[in-house]
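What follows is a short report on a single structure.
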Amino acid sequence: MTDIRGLYDRLSGNVGKVIVGKPDSIRLTIIGLFCEGHILIEDVPGTGKTMLAKSLARSLGCSFNRIQFTPDMLPSDVTGVSIFNQKTNEFEFRPGPVIAQIVLTDEINRATPKTQAALLEAMEERQVTVDGHTYALPEPFMVMATQNPIEYEGTFPLPEAQMDRFLLRINIGYPAGRDEIQMLVNQKIAHPIDSLGQVVEVDELLQAQAAIRRIKVSAEIMAYIVELVDATRSHSEVYLGASPRGSLALYRTAQAFAALNGRDYVIPDDVKALAVPALAHRLIVGSAARIREVDERDIVRELLDRISVPGGEIG
């Protein structure tokens, strides 16, 4: 079996040189990478969202593109455009910034729904279609999107179909005092990302992604995942619950979490550890609950406390 734990330690240690004191955020990001998923980073400005994406790309030696979303962007600004070459009398495809291995879409909710939709095919099918021609995206491929949860003026909320395509939603948060001091020390002369090198080969990552899919998940654990997801659909405070894509997200991330803990099988604690980041962003709370400022994360935690975990043999 691929040394997934060793791979994780190398990646997290390297990224941790830039993102100080945030092991949980780094862990969830790498789990998303191992599960071939996409990450939504929802946090206030200046907490390291862009640096997290850049440091991950450098640690993997992957191509990296950053897209700054604005209201005047067009879908072709994301996917690319076909331009007529007068010398050859043929159309040539000029690839857009989404054609890279790690793509940071900064302030994704500042683009119009039409431009946001340009990412849907890329995120789900790992391809883009321009003027009737389909172009495959490189492997690995990961979208890391950011949005500010405070500033809503001039933004367009992400539609349900877009939110559902993010495997995990994470928050980085402000650093603790000692970590912020360490950040000042680290950047006294130069930013640590300037000297960050590659620590994992792409082939190693692809092997790890394949190995994680072979982590054993018992019928009892699968039933537990489905029961948890199904409970979000009938909760009194929820207008729209998690889709089957949510079940698959929780299934995959639990496999990765088990592998990081040195096991080749999933236990209920793996599911519970990933339930909030994998499911909460997929829920739409009802209007009455919104007035009371009910948080979808608290709904998932309530369900975790309420639903009994499977017992017996889980390996």
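The values are calculated or read from the model by the stated rules, or taken from the named source; none is laboratory data. Please read all numbers here as calculations on a predicted model, not as lab measurements. Every residue, glycine among them, receives a Cβ derived from its backbone with ideal geometry; neighbour counts consider all protein chains shown.
A single entry from GLN147, GLN187, GLN127 fulfils the requirement of being among the polar types (S, T, N, Q), free of Cβ contacts under 8 Å to residues at least 24 places away in the same chain and in contact with an Asp or Glu (Cβ under 9 Å, 6 or more places away or on another chain): GLN127. When PHE93 is tested against (1) touching a strand residue (DSSP E or B) at 6+ places or on another chain (Cβ under 7 Å); (2) modelled with pLDDT under 90; (3) exposed (fewer than 14 other Cβ atoms within 10 Å of the Cβ), only condition (3) is not met.
The residues listed here are THR88, THR115; of these, the one that is hydroxyl-bearing (Ser, Thr, Tyr) and surrounded by 16 or more Cβ atoms within 10 Å (Cβ to Cβ) is THR115.
Out of curiosity, is ILE67 of a type in the set (A, V, I, L, M) and either touching a Phe, Trp or Tyr at 6+ places or on another chain (Cβ under 9 Å) or assigned by TED's automatic domain parsing to the domain that holds ALA249 (or both)? No. So is GLN101 surrounded by 22 or more Cβ atoms within 10 Å (Cβ to Cβ), touching a Pro at 6+ places or on another chain (Cβ under 8 Å) and under 16 Å from ILE67 (Cβ atoms) or not? In short, no. Quick one: count up the residues across the stretch 80-115 that are under 26 Å from PRO149 (Cα atoms) and either of a type in the set (S, T, N, Q) or without any contact (Cβ under 8 Å) to a residue 12 or more places away in the chain (or both). Here the count works out to 4.
Within the stretch 272-292, residues that are touching a residue at least 12 places away in the same chain (Cβ under 8 Å) have Cβ atoms under 6 Å from residues that are among the charged types (D, E, K, R) and assigned to a helix (DSSP H, G or I) in these pairs: VAL276/ARG297; ALA280/GLU296; ALA280/ARG297; ARG282/ASP164; LEU283/GLU296; VAL285/GLU296, counting only partners at least 6 apart in sequence or on another chain. Taking the stretch 229-267 as the range and being more than 21 Å from ARG290 (Cα to Cα), β-branched (Val, Ile, Thr) and free of Cβ contacts under 8 Å to residues at least 60 places away in the same chain as the test, the residues that pass are VAL266, ILE267. So PRO45 ticks every box in (1) within 30 Å of ARG213 (Cα to Cα); (2) surrounded by fewer than 19 Cβ atoms within 10 Å (Cβ to Cβ) but one. Which box is left unticked? Looking at each condition in turn, PRO45 falls short on (1). Against the criterion of being of a type in the set (Asp, Glu), assigned by TED's automatic domain parsing to the domain that holds LEU33 and surrounded by fewer than 16 Cβ atoms within 10 Å (Cβ to Cβ), ASP194 qualifies. Flag: LEU60 matches the condition of being crowded, with 22+ Cβ neighbours inside 10 Å, closer than 23 Å to LEU33 by Cα and touching a residue at least 60 places away in the same chain (Cβ under 8 Å). Only a single criterion out of (1) more than 19 Å from the chain's Cα centre (by Cα); (2) without any contact (Cβ under 8 Å) to a residue 40 or more places away in the chain is not satisfied by LYS17, namely (2).
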